[in-house]
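Here the structure is laid out as structure tokens; the discussion comes afterwards.
The values are calculated or read from the model by the stated rules, or taken from the named source; none is laboratory data. What you see is a predicted model, and the numbers here were worked out from it, not measured in a lab. Here the Cβ is made from the backbone with ideal geometry for all residues, glycine too, and neighbour counts use every protein chain on show. These accessible areas exclude ligands, DNA and RNA; they are computed on the full protein's heavy atoms, side chains included. Shrake-Rupley method; radii C 1.70, N 1.55, O 1.52, S 1.80 Å.
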Amino acid sequence: MKAKSNKYANLMSRGKIGSLELRNRLIMPAMSETLTDKHGLYTDDEMAYYAERAKGGTGLIITSFGCVDPGGLGAANQLCAYDQENIVSLKKISSGVHRWNGRIFLQLHHAGRAADPAVTGREPIGPSAIPPSLEFGGQLPMPRAMTRDEIHWMVDKFAFAAGIAKSSDFDGVEVHCAHSYLLNQFLSPMSNHRSDEYGGSTENRARIVTEIIRRIKAEQGAGFPVSVRLETEEGVPEGLHVEEAVKIARLLERAGADMINISAGGYECERLCIAPAGYIEEGYLVPNAAKIKAAVNIPVAVVGLIRSFEMADEIISSGKADFIVMGRPHIADPYMIKKLAEERENEIRPCINCLHCTDSAAVGRMECAVNPTIGYEKDFQRYLRNGNGRCIAVVGGGPAGCEAARTLAVRGFDVSLYERGDRLGGQVIYAAAPPGKEKMMKLFDYYSAVLKKLGVKVYTGVEVTAEQLMELSPHAVFAATGSGPLIPKLDGMDSEKVYTHEDVLSGRAELKNCTVVVAGSGGTGIETAKYLLELGCKVTLIDMLPKIGMLAGGSDTYTLADIRDRLETVANARLMGFEKGHVKLTKVDSGEALEVPADSLVLALGLRKNDSLIKQLGAAGVPVIPIGNAYSVGDISYSIKHAFYNAFYFEGPMEEIF
């Protein structure tokens, strides 16, 4: 792949890890894609997932964590490398990457005290009998301190797994020493209280890792690359910090490591590991990388919410790091490096930092809010291009409407998109209003660029009617008319002091330095509460569920944690009405009546679909396909996926089953 310009010459330049040459400086790190089967073997979906990123031009791909022993599983569906029978499975993954001239490392991992007994069926182990604390409260089970013989056995397991990787045609391995897993536990003074040669001093705590590196090099050869994913900041006072990580990096280099791939965070401080939107500045680990880089003579790779390619290029040109690691952007768009090389940067589908990927992976299978094909790449390799210029009208310019228009245009339909607002965005306009969430709207910069390139005619500020659509005689109408706030039929809801989240987040309601009750503690309610706090309001967040924030996920969990001390909260209380000066509630369990003082009430109780146009078109016999929230209310991930599926399969070949 040859770049058309030198705009990102440093990022696009070739790099080396040991003797291994890479086609550019971009690395996709290990991420738990949960595509492996329950036996730790590859699936066709997993092979296609990695191959797609290699096809997109990424310099180096590092697999999701590969377990070196069944007792160290960190997830139910985790790639495994502890048995010879794993080789056939792993070769499928490496061959899928190599056919696109990509390079791939297998990450070697043991969860240690973070292993789940419900998954492993075993007692967790660690350097010391100290349970890990969780950022949002609670602890994992108490681990058993490993004996010296078990430590030697663990070195054997990592070395054996490296042999499995080499036999499986991987280009190298990465030893996972971060994110609260076993080797990080040995490195950290927080979790390692041993008094033998594997505890105490920095050198002793790093001993197990240096022994693993030396064994791999001795058995697989000096030319077989070994990267180390190194924790540089645990985010708690008693944990590992960058000053000691620098000393550890020197020890790892002396042991034979070929690259230091820095990271941060873990169970005790998750936001440093998987940074949500609006809380940590872009490139927050670059200073740590620069300190490591100044201390060693091997390449250093840096991660940390790097979303700007200008920043990525400057990091390399200034010598702060040698490689740029981007995780979630590879999930959102596997072709970003190819698009950069072809000067199509505005066509890169951006990660919006919503953490839907981690939320979905935690409950079974990774998804992406903006990329509907993630994990199903093999099913969507070819678009049926049978549009033949037939006219399609798409009504609504939110996520569903834009995705449907894009997909239909790729298939060759003549698409017109009508949006009643003055810009594309739909409900995302409101989601992007709170501080730190502004970059969510970059998704619509992407849609604007690709829709223009595909020839989609976009009309904003146009509220199209059923009669106008019928006059157009379209082949079909895709109705992405979205949703609106749910307003209950209660006393006082017609008051001028009762607002919806849309009123607040759009700026139509000017609420400053007043007392406000926000009803509903889902993601929308939490973000609305934060927005009002920033305006100087005194906010009470209420919900009928037993706990505030029970339905919140992703970055909203962090938002709630950060604003909790500034909020008043009332859970287990049903909204009953609003009278001037107070909100009326009833406790769900006891029926007790409550009144909360408030100048205003803001409703964030959910959404209802806008389907009046759909009913009108259906009654007139116009072929109409409701998509996204117009079909069923959901989040942005649902809207985009539902729109994509309907547009991809629209009038496609179907086989009847008798």
*Sole exception among (1) modelled with pLDDT of 95 or more; (2) open to solvent by 10 Å² or more (accessible area, probe 1.4 Å) for V236, by number*: (1)
*Go through (1) surrounded by fewer than 20 Cβ atoms within 10 Å (Cβ to Cβ); (2) modelled with pLDDT of 95 or more; (3) in contact with a Ser or Thr (Cβ under 9 Å, 6 or more places away or on another chain); (4) not small (G, A, S) one by one and return the number of the condition P225 breaks.*
(1)
*Looking at (1) open to solvent by 10 Å² or more (accessible area, probe 1.4 Å); (2) out of contact with any Cys (no Cβ under 6 Å at 6 or more places or on another chain), can you tell me which one L73 breaks?*
(2)
*Quickly run through region 2-52 and pick out the residues that are of a type in the set (D, E), closer than 19 Å to C368 by Cβ and in a loop (DSSP other than H, G, I, E, B).*
E33
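Residues checked against (1) over 27 Å from S555 (Cα atoms); (2) touching a Gly at 6+ places or on another chain (Cβ under 6 Å); (3) of a type outside the set (A, V, I, L, M):
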position: T34; (1), (2), (3): no, no, yes
position: G40; (1), (2), (3): yes, no, yes
position: E52; (1), (2), (3): yes, no, yes
position: N77; (1), (2), (3): no, no, yes
position: D83; (1), (2), (3): yes, no, yes
position: A115; (1), (2), (3): no, yes, no
position: G121; (1), (2), (3): yes, no, yes
position: Q139; (1), (2), (3): no, no, yes
_Condition check: within 26 Å of the chain's Cα centre (by Cα) and open to solvent by 40 Å² or more (accessible area, probe 1.4 Å). Does L607 satisfy that?_
yes
*Could you run through region 36-88 and say how many residues are of a type in the set (S, T, N, Q) and over 30 Å from P117 (Cβ atoms)?*
1
*Could you check how many residues of region 89-106 are open to solvent by 10 Å² or more (accessible area, probe 1.4 Å) and touching a strand residue (DSSP E or B) at 6+ places or on another chain (Cβ under 6 Å)?*
1
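In region 251-268, which residue that is of a type in the set (D, E) and assigned to a loop (DSSP other than H, G, I, E, B) is surrounded by the fewest Cβ atoms within 10 Å (Cβ to Cβ)? Talk me through it step by step, then tell me what you get.
Going residue by residue through region 251-268, those that are of a type in the set (D, E) are 253, 258, 268.
Imposing the further condition that a residue be assigned to a loop (DSSP other than H, G, I, E, B) reduces the set to 258, 268.
Details: D258: 24, E268: 20.
The selected residue is E268.
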*asked:* Being of a type outside the set (A, V, I, L, M, F, W, C), under 30 Å from A369 (Cβ atoms) and open to solvent by less than 50 Å² (accessible area, probe 1.4 Å): is that true of D635 here?
replied: no
*Name, by its number, the condition in (1) of a type outside the set (A, V, I, L, M); (2) more than 30 Å from G319 (Cα to Cα); (3) open to solvent by 10 Å² or more (accessible area, probe 1.4 Å); (4) touching a Ser or Thr at 6+ places or on another chain (Cβ under 9 Å) that does not hold for N10.*
(2)
_Checklist (1) surrounded by 14 or more Cβ atoms within 10 Å (Cβ to Cβ); (2) within 30 Å of L408 (Cα to Cα) applied to I526, failing item_ = (2)
_Among the residues in region 34-52, are any on the phi > 0 side of the Ramachandran plot and surrounded by 18 or more Cβ atoms within 10 Å (Cβ to Cβ)?_
yes
*Assuming K439 fulfils every condition listed in (1) of a type outside the set (S, T, Y); (2) under 26 Å from the mean Cα position of the chain (by Cα); (3) more than 17 Å from I636 (Cβ to Cβ); (4) open to solvent by 30 Å² or more (accessible area, probe 1.4 Å) apart from one, which condition is it?*
(3)
*Only one residue in A561, A573 is aliphatic (A, V, I, L, M) and open to solvent by less than 40 Å² (accessible area, probe 1.4 Å). Which one?*
A573
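For region 76-88, how many residues meet the condition of being assigned to a helix (DSSP H, G or I) and open to solvent by less than 10 Å² (accessible area, probe 1.4 Å)? Outline the logic, then answer.
In the first step, residues of region 76-88 are kept if they are assigned to a helix (DSSP H, G or I); the result is 86-88.
From what's left, open to solvent by less than 10 Å² (accessible area, probe 1.4 Å): 86.
Summing the residues that are assigned to a helix (DSSP H, G or I) and open to solvent by less than 10 Å² (accessible area, probe 1.4 Å) in region 76-88 gives 1.
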*Could you please find all residues in region 188-218 being farther than 30 Å from Q84 by Cβ and of a type outside the set (G, A, S)?*
P189, M190, N192, H193, R194, D196, E197, T202, E203, N204, R205
*Name the pairs: first residue in region 283-294 and more than 13 Å from V325 (Cβ to Cβ) and part of a helix (DSSP H, G or I), second residue open to solvent by 50 Å² or more (accessible area, probe 1.4 Å) and of a type outside the set (S, T, Y), Cβ to Cβ under 6 Å, at least 6 apart or on different chains?*
A290/K320
_Tabulated pairs, region 99-128, first of a type in the set (F, W, Y), second open to solvent by 10 Å² or more (accessible area, probe 1.4 Å) and part of a helix (DSSP H, G or I), C-beta under 8 angstrom, 6+ apart or interchain_ = W100/A51; W100/K55
*asked:* I'd like to verify a number: residues in region 301-318 that are open to solvent by 40 Å² or more (accessible area, probe 1.4 Å), of a type outside the set (S, T, N, Q) and part of a loop (DSSP other than H, G, I, E, B), how many?
replied: 1
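Limited to region 613-636, what total is found for residues that are part of a helix (DSSP H, G or I), out of contact with any Lys or Arg (no Cβ under 7 Å at 6 or more places or on another chain) and either without any contact (Cβ under 8 Å) to a residue 40 or more places away in the chain or closer than 20 Å to Y430 by Cβ (or both)? Lay out the reasoning, then the answer.
Of all residues in region 613-636, those part of a helix (DSSP H, G or I) come to 613-619, 628-630, 636.
Then keep just the ones that are out of contact with any Lys or Arg (no Cβ under 7 Å at 6 or more places or on another chain); that gives 613-619, 628, 636.
Those still in the list that are either without any contact (Cβ under 8 Å) to a residue 40 or more places away in the chain or closer than 20 Å to Y430 by Cβ (or both) too: 615, 618-619, 628, 636.
Of the residues in region 613-636, 5 are part of a helix (DSSP H, G or I), out of contact with any Lys or Arg (no Cβ under 7 Å at 6 or more places or on another chain) and either without any contact (Cβ under 8 Å) to a residue 40 or more places away in the chain or closer than 20 Å to Y430 by Cβ (or both).
Based on what the data block shows, is R411 in contact with a Lys or Arg (Cβ under 7 Å, 6 or more places away or on another chain), closer than 27 Å to G56 by Cβ and modelled with pLDDT of 95 or more?
On the way: in contact with a Lys or Arg (Cβ under 7 Å, 6 or more places away or on another chain): yes; closer than 27 Å to G56 by Cβ: yes; modelled with pLDDT of 95 or more: yes.
So R411 passes the test.
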*Working only within region 589-604, note down all residues that are open to solvent by 70 Å² or more (accessible area, probe 1.4 Å) and in a loop (DSSP other than H, G, I, E, B).*
D589, S590, E592, D599
*Which of the residues belonging to region 107-165 are in contact with a helix residue (DSSP H, G or I) (Cβ under 7 Å, 6 or more places away or on another chain) and among the aromatic types (F, W, Y)?*
F136, F158
*Which condition number does Y267 fail, the rest of (1) in contact with a Leu (Cβ under 9 Å, 6 or more places away or on another chain); (2) modelled with pLDDT of 95 or more being met?*
(2)
*Could you tell me which numbered condition R382 fails, if it satisfies all but one of (1) touching a residue at least 24 places away in the same chain (Cβ under 8 Å); (2) over 24 Å from L603 (Cβ atoms)?*
(1)
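If you check Y499 against the conditions, is it aromatic (F, W, Y), open to solvent by 10 Å² or more (accessible area, probe 1.4 Å) and under 27 Å from the mean Cα position of the chain (by Cα)? Lay out the reasoning, then the answer.
Details: aromatic (F, W, Y): yes; open to solvent by 10 Å² or more (accessible area, probe 1.4 Å): yes; under 27 Å from the mean Cα position of the chain (by Cα): no.
Considered against the rule, which asks whether it is aromatic (F, W, Y), open to solvent by 10 Å² or more (accessible area, probe 1.4 Å) and under 27 Å from the mean Cα position of the chain (by Cα), Y499 comes out as no.
Condition check ((1) acidic (D, E); (2) in contact with a strand residue (DSSP E or B) (Cβ under 7 Å, 6 or more places away or on another chain)) across all residues:
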residue	(1), (2)
F158	no, yes
A161	no, yes
H179	no, yes
H193	no, no
E197	yes, no
I208	no, no
R215	no, no
*Select, from S133, S128, S167, the only residue that is more than 17 Å from P70 (Cβ to Cβ) and modelled with pLDDT under 95.*
S133
